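Here is the structure we will look at, set down as structure tokens.
Read-outs throughout are calculated quantities, based only on the coordinates presented, and are distinct from any laboratory measurement. Everything numeric here is computed off the predicted structure, so don't read it as measured data. Neighbour counts are summed over all protein chains in view; Cβ atoms, including those assigned to glycine, are modelled from backbone coordinates with ideal geometry.
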Amino acid sequence: MKIAMLPGHARKKEGATVCAGYYEGFGEHALASHYLPGLCVALEARGYDVVQTEREAAGGTTPSYSAKAANATGADLALEFHFNSCEGAEGCEVLYYAEVENPLGREFAQVLSNRLALLLGVRDRGAKPIRSEADRGWNAFKKSDMRFFMVEPCFAGSNPGEARAFGTLIKTGEWQRRVARIVAETIEEVFGKE
Ligand SMILES: [Zn+2]
């Protein structure tokens, strides 16, 4: 199986900013770009064909370019890594495409969110369905050829406790190793049924 790994957003348009901890001041794109190479290597070590790409590789900064960049890799599955920002909010969630019935996509998002929440020690907000143009990142889900997910591990943009926990895991390399294991196990358990 081939997996495309993308940092959310773009160098020219970073998204939210880490509010505390080791990576305070890093944007969403910069932070994911920092930890993705380690995560990709760890996932490759588990036997997957992994390719890192991003919106600007396809020439733009919007979610349509996530789909374009992921499609160019010929991957079977794509994961784009973000973090959330919203005053007073907490927890981990994973977004999946739900315009059409997608029970395995929903299950993958649910299990992945649950395991990442446990790893970070944050609330599990679960699988978030993306159903229409009004939903976050719609074009990435709509225009991609493969199963596409957006990972929002925590509210590092607005919750200092979550930002610190996230930053510490990344700094020690634990995030990269453990998430590779979680992604591999979740793929096997959920899509192994296909
Ligand atoms: Zn984002």
Of Cys154, Cys19, Cys86, the most mobile residue in a GNM of the chain (C-alpha springs, cutoff 10 Å) is Cys86
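Using the scaling law 2.2 N^0.38 Å as the reference, what is the normalised Cα Rg of region 32-90?
Details: Rg = 13.4 Å, N = 59, 2.2 N^0.38 = 10.4 Å.
Ratio of Cα Rg to 2.2 N^0.38 Å: 1.29.
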The simple spin-label model distance between Thr172 and Arg46, using points 7 Å out along Cα→Cβ, in nm, is 1.9 nm
In nanometres, the difference between 0.36 nm per residue of separation and the alpha-carbon distance of Arg136 and His34 is 34.4 nm
Percent antiparallel among DSSP beta bridges confined to the chain, rounded to 5, stands at 25 percent
One finds the C-alpha centres of region 1-70 and region 124-140 to be spaced, in Å, by 18 Å
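Quick check: from the Cα gyration tensor, does the chain come out rounded (a/c under 1.5), prolate or oblate? Mind showing how you got there, number by number?
On the way: a/c = 1.29, a/b = 1.20, b/c = 1.07.
Because its axes are fairly even, with a/c under 1.5, the chain counts as rounded.
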Distance in nm between Glu24 and Arg123 label points, each 7 Å along Cα→Cβ, equals 2.5 nm
Scoring only Lys, Arg, Asp and Glu (+1, +1, -1, -1) among other residues with Cβ under 13 Å from the Cβ of Gly60 yields +4
In the chain, helical segments from DSSP H whose Cα atoms cover 20 Å or more along their own axis and that average at least 0.0 on the Kyte-Doolittle scale are 28-44, 103-120
